[in-house]
Structure formats: structure tokens, C-alpha cells
Amino acid sequence: MTFPQRRTVASLSVVQVVGGIGNGAGLAIGALLVKDVSGSSGWAGTATVMLTLGAAVATVPLSRWAIRSGRRPALTAGWLIGASGAGVAIVGAQLELLLLVLLGLVLFGVSTAANLQSRFAAVDRADPRHVGRSLSIVVWSTTVGAVAGPNLTGPGAAVAGRIDIPDLAGPMVFSLTAFTTAGLLTFLLLRPDPLAPQPDAAERPRMKPWPHVRGRVRTAVIAIAASHGVMVGVMSLTPVHMQDHGASLEVIGLTISLHIAGMYALSPVFGWLSDRIGPAPLIVIGQVTLVAATAVAGTAGHSEPQITIGLILLGLGWSASVIAGAAMLTAAVDPVARPAVQGVADLSMNLAGAAGGLLAGLVMLWGGFGPLNAAAATLTVPVIVLAVAAWRAAGHAVDDDLPDPSPDAEVSAPRDHVV
């Protein structure tokens, strides 16, 4: 790894630690805050919808900004807009205005777009042989902050009491501070900018993303989006399910923390596996893990330990699938078009998350937590089919590259080296 690449990965890792605190704190209480302000569990799922919708809306503009001006200004803006969203959500909670809380969560979600695009910034100039490693280091760095964030629910309530805002708005104060700090650190540390300048007019047709979304790229985009939809759909309603069955805020916070640890803590392992065995097999492993997660969580009933185990597996399946999908996409796309295609992948991912959160609330009202998990598991089927096909295609490609074992080939091979 060259010095500029090491500096880029180190800078992004520091920012991810800080930004992860803000994301984790808001993620743990978003649904509960909406439920508290609206007075209805039916509205709780809209919290995740708003968060993922904000990320989806911001993804393409941030990608275009990065292509035009570099990663540093785009990522800085993403973090600072997220900070403003935390502030708006606090005001909405104080005034008990649901629409203002939801608007705040949309703006808050832009920080997620910055978080996701940071992993691609880590591989803008990475050695193609180590794309999975560079990507996974930055993803793993989110672990520290993201795991700590949900456990700030209690301290957040204490802070809320001091500044006279609702208890559930307290963690948003930590989010506001963390996102502001992440934006400033990005602006100060991400030098040199990892993304090359915009290509000249002759290269611009190659930058259009949709012609590149085929074959392995299409498989990668679908794997990333579907895995995120499964994860968000189950995770978003878990706090509400647990609270309805008498779980304390501390237990809910711990469960979400362990879920987030599953999402990020083993990222380097999955990055290494992606480089070692290939992205397609790792996507299959991730999907099988997601199926196991929904089976465990969906049959947990009132058992808090079993729900926690299911949420940990949910995080692990998401991590394996998303890291492998990002690595597959990065390796398969022309570098000139890569940022635009990465934007499409993140847009698809966030739209799937928004749909997952919205449908999760409806399924929860209709059938409960068990049917919600069963419905989420069905999203793994097309991903497994596509990933197995990509796996087999990669195997055939390797076989085609092997020398012909026929006697004629053995005779002719040395002749190719005669001068």
C-alpha cells in the first residue's frame, strides 16, 4: 500500500469512528422517537424510511459532486447536512411536531450516504489485488463509534434533562456533535483527495452508469440492495418489538450495539475472504447467514437473548454480502465510470432500505415480528441464484485460462517462446 493510499485509509478510518457514534446513537432511538411523538407504533417504521430516503436522495448528487470536485468536499457536505438533520429532529421532538422530526431524519440520513461513499473512497486508488482489504478496513472502523452510539441512550437522557428536551432526543445531541466533527475532520485530513479529477469531454460518455449495470455489476448491485433491505426491514422494528414486550432501553440499546458489531467488527475478515475466495462465494455465504438470522429472530418470541443472537447474525450476513458486492462492483467497472456506478449501487441500496422499513411497519401491524422475518428472508432467493451463476461463470473463466492439456499444446507452447 503506497503512502497516499495509507493516508487516505487512515483518514477515512478516523472519520468513520467519529461519524459512527452519531449514526449509532440516532439509529437506536429513531423509531422510538417517532413512536413517542406520534403516539403510535404504526408510525415507528417511518423513522428508518426517512433515514434511508435521505441517504438515497443524497447519493447521486454526492457522487456527481465527487466526480466534479473530489471526494473531500462531497463527503464533508454529507456529514454536515447530517448534523443539521440531528438538530432539526431535536427541535421537532421539543415542539412535538412529527413532520419536523421526519424532516430531521431525512437530513440525518445524508450522513449515511457519506458513510457509505467513504468505503468507495478507500478504493479509488487501491491496488486491484487488495480492494477487499482497503474497503473492509474503512468499514471496520465504523465499529467503534457505531457500537458505542446505541449505548448512549442512557447518557443521552441525562443530557436531555440538563438542556430541557425530551429524553429520546438526547442521543441526537451526540449525533449532531459527532457529524459536525466528522465533517471538519474530512475537510482537514482527506488530503490528497483520493478521486482523480473529472475526465475530459471525450471520456464523459464512458461515465454514464446504466450501460455498465449488467453481468457481474448487476449481480453486485442487486446483492447490496437486497441485503440492505433484509437488514433494515428486520432491524428497524426490533426496538419496537422488544419495547412492546417490556425490554428496557438499556437492553434495546445493547441489542442494537451487538447487531452493529456484527455489521462491522468482522469486516476485515470478510474483506480478506473476498480477495481470497472471490466475491461471489462470499455473497452466497452472506445470504445463507441472513436466512439463519431471520429464522432465529423470527422464532424468538419474548426471548431477548435469542433476538440478540438473530440480530448479530443479521449484521454478519449484511457485512459479508455488502463488502463482497462492493468488491465485485469495483473490480468489474471501468475506473472512469466507477464513481457514477457506485452512486447507482448506493442509491439502490438506500431505496431498498427505505422500502424495507416502510413494508416492515405494515407487515408488523398485519402479522407481527415472525412474519416480518419470514418475508424478509424471501429477498435472499434471487441474490443466491445470481451469485451462484456468477460463481460458476468465474470458475469457467478460470478453466478457460488454463493451458490446453493436449499433446499438441505441450509441443507448441515452447515454440511461443522461441525468438
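Quick notes
- The value of relative contact order for the range 293-332, using C-alpha pairs under 8 Å at least six residues apart, is 35 percent.
- Residue with peak Gaussian network fluctuation, the chain [Cα springs, cutoff 10 Å], from 293, 160, 114: 160
- Relative contact order of the range 225-334, pairs being alpha-carbon contacts under 8 Å that are 6 or more residues apart, as %: 37 percent
- Per DSSP, loop chymotrypsin sites (Phe, Trp or Tyr not before Pro) in the range 241-348 with at most 11 further Cβ within 10 Å: none
- If the chain linking residue 392 and residue 251 were pulled fully straight, counting 0.36 nm for each residue of separation and taking away their Cα-Cα distance, it would gain 46.4 nm.
- Kirkwood analysis of the Cα pair distances in the range 146-295 returns a hydrodynamic radius of 19.4 Å.
- Values of log10 I(q)/I(0), in the order q = 0.12, 0.18 Å⁻¹, for the range 11-164 under a Debye, Cα-only, solvent-free model: -0.53, -1.05
- Value of D in µm² per second that Stokes-Einstein yields for the chain, Kirkwood Rh from Cα pairs, at 20 °C (1.002 mPa s): 99 µm²/s
- Computed over the range 241-399, relative contact order equals 30 percent, with contacts defined as Cα pairs under 8 Å that lie 6+ residues apart.
- Structure-based [θ]222 nm, the chain - -39500 (n - 2.57) summed over DSSP H runs of at least 4, per residue, nearest 500: -27500 deg cm²/dmol
- Selected from 255, 52, 181 as most flexible by GNM, with the chain as the system and alpha-carbon contacts under 10 Å: 181
- In nm, spacing of pseudo-spin labels at residue 125 and residue 10 (7 Å Cα→C-beta vector): 1.5 nm
- Gyration tensor (Cα) of the range 92-155, equivalent ellipsoid semi-axes in angstrom: 33, 16, 5
- Rounded to the nearest 0.05, the FRET efficiency derived from the C-beta distance between residue 299 and residue 365 at R0 = 22 Å is 0.65.
- Per-q log10 I(q)/I(0), the range 285-386, q = 0.11, 0.15 Å⁻¹ (Debye; single scatterer per alpha-carbon; no solvent): -0.40, -0.69
- Gaussian network model of the chain, springs between alpha carbon atoms under 10 Å - residue of 390, 220, 324 with greatest fluctuation: 390
- A simple spin-label model places pseudo-atoms 7 Å from Cα toward Cβ; at residue 95 and residue 164 they are separated by 1.7 nm.
Rule-based calculations on the coordinates, nothing more; no lab input. On a predicted model such as this, the values are computed, not experimentally measured, just so you know. Counting neighbours? That spans all protein chains shown, and the Cβs are built from the backbone with ideal geometry, glycine included.
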